[in-house]
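First comes the structure, then the notes that go with it.
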Amino acid sequence: MSDHDHDHSHDHQHGHPHRHPPAPDIELSDRAKRSLAIQELLVEKGIIGQDEIRRRVEEQRGSPMNGAKVVARAWVDPEFKERLLTDARAAVAEMGFEFPDDTGLVVLENTEDRHHLIVCTLCSCYPGALLGPPPDWYKSLPYRSRAVNEPRSVMSEFGLEIGEEREVRVVDSTAELRYMILPKRPAGTEGMSEEELAELVPRDSMIGVAEPMPPDTIRA
Ligand code: FE
C-alpha cells in the first residue's frame with residue numbers, strides 16, 4: 001500500500017528521518033480511516049474474523065517471486081529440498097517467508113510419475129506468502145468445481161497436457177493447510193544459477209496448471 005509511504009512530511013523536521021516508529025496518534029488518510037471503519041464493522045457483525053483479515057494482509061505482502069526462489073533453491077540444494085518436502089513451513093522460514101502460526105504449509109513434488117493440481121473447493125485458500133494474492137480464476141466457481149472431477153480438461157484449457165502415464169493428484173486447500181507445488185526442473189538447465197532458475201518458475205507452475213519455462217526463455 002502506498003498511502004503510508006506518502007506521509008513522511010513530518011519526519012524531515014526531526015533530523016532523523018524514517019528512523020522512529022510511527023507515532024500512535026499518526027494522522028490517517030481518509031481512505032485508511034474508511035477502510036479501518038469497514039474492517040471494524042465486518043468484524044463486529046461477525047462477517048469476517050480478525051484471523052481472516054490477518055491472512056489477507058499476509059497474502060498482499062507475498063509475491064510469486066518468493067515461491068519461485070523457493071523452487072529454485074530446492075532444485076540446486078538437495079538438502080533444502082528434503083527439508084522443504086518434510087517441513088515446508090520451517091524450510092521457507094529459512095528464506096524469510098513466514099506464515100501465520102495457525103497455517104500449515106505442504107509442498108508437493110511433481111515427478112515423472114505424478115502431477116499435482118491445487119484447488120480450494122470451498123473458497124480461495126492459497127499460500128499467499130509465497131504466491132501473492134490468488135488469481136481470479138482460482139477463486140472462480142468453475143475452477144473450484146471442475147478441478148476435482150475433471151482436472152485433465154481444466155489443465156488442458158490452460159494449455160497443459162499431462163500424459164496418461166502420469167497420475168494426476170488434486171489437493172484441496174483449507175484455511176489451516178495450504179499447498180504449493182515443487183515443479184519438475186526443466187531439461188537443459190544444468191549449468192544455470194539459482195537466480196536464473198527462479199526466472200523459469202511462473203506462478204501457475206506452482207499451482208499445477210503450467211510447467212516451468214524452458215531455459216532458452218531467459219537466454220534469448
Ligand atoms: Fe479457501
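The values are calculated or read from the model by the stated rules, or taken from the named source; none is laboratory data. Since the model is a prediction, treat every value here as computed from it, not as a measurement. Virtual Cβ from ideal backbone geometry, glycine too; neighbours counted across all protein chains shown. In case anyone asks, the SASA skips ligands and DNA or RNA and just uses the protein heavy atoms, side chains included. Shrake-Rupley method; radii C 1.70, N 1.55, O 1.52, S 1.80 Å.
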Q. For L84, which of the numbered conditions (1) part of a helix (DSSP H, G or I); (2) in contact with a Pro (Cβ under 7 Å, 6 or more places away or on another chain) fails to hold?
A. (2)
**Q.** Residues within region 82-115 that are open to solvent by 10 Å² or more (accessible area, probe 1.4 Å) and either more than 16 Å from the ligand (Cβ to nearest atom) or out of contact with any strand residue (DSSP E or B) (no Cβ under 9 Å at 6 or more places or on another chain) (or both), tallied
**A.** 22
Q) Does T121 fit the bill of being surrounded by fewer than 22 Cβ atoms within 10 Å (Cβ to Cβ), within 16 Å of the ligand (Cβ to nearest atom) and farther than 13 Å from R178 by Cβ? A) yes
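Given the options L131, L117, L108, L122, name the one that is under 17 Å from D172 (Cβ atoms), hydrophobic (A, V, I, L, M, F, W, C) and at pLDDT below 95.
Details: L131 fails: at pLDDT below 95; L117 fails: at pLDDT below 95; L108 fails: at pLDDT below 95.
Answer to the check: L122.
So for region 129-140 (the condition being open to solvent by less than 10 Å² (accessible area, probe 1.4 Å), within 16 Å of the ligand (Cβ to nearest atom) and aromatic (F, W, Y)), does at least one residue qualify? Break it down stepwise before answering.
As a first pass, look at region 129-140 and keep what is open to solvent by less than 10 Å² (accessible area, probe 1.4 Å): 130-132, 138.
Those still in the list that are within 16 Å of the ligand (Cβ to nearest atom) too: 130-132, 138.
Remaining after also requiring aromatic (F, W, Y): 138.
Yes, region 129-140 has at least one match.
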Q) Out of the residues in region 146-184 that are assigned to a helix (DSSP H, G or I) and open to solvent by 60 Å² or more (accessible area, probe 1.4 Å), which is farthest from K69 (Cα to Cα)? A) N149
Q. So, of the residues in region 158-174 that are within 16 Å of the ligand (Cβ to nearest atom) and not polar (S, T, N, Q), which turns out to be farthest from L105 (Cα to Cα)?
A. V170
Q) Given S173, S193, which one is of a type in the set (S, T, N, Q) and under 24 Å from C125 (Cα atoms)? A) S173
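Would you check if I162 is more than 16 Å from Y138 (Cα to Cα) and touching a strand residue (DSSP E or B) at 6+ places or on another chain (Cβ under 8 Å)? Before you say what the answer is, go through the steps one by one.
On the way: more than 16 Å from Y138 (Cα to Cα): yes; touching a strand residue (DSSP E or B) at 6+ places or on another chain (Cβ under 8 Å): yes.
Yes; evaluated as a whole, the condition is true for this residue.
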Q.
Return the residues of region 185-220 that are open to solvent by less than 20 Å² (accessible area, probe 1.4 Å), assigned to a helix (DSSP H, G or I) and of a type in the set (A, V, I, L, M, F, W, C); say none if nothing qualifies.
A. L197, A198, M206
Q) What number of residues within region 146-157 satisfy the criterion of being within 15 Å of the ligand (Cβ to nearest atom) and either touching a helix residue (DSSP H, G or I) at 6+ places or on another chain (Cβ under 8 Å) or at pLDDT below 95 (or both)? A) 1
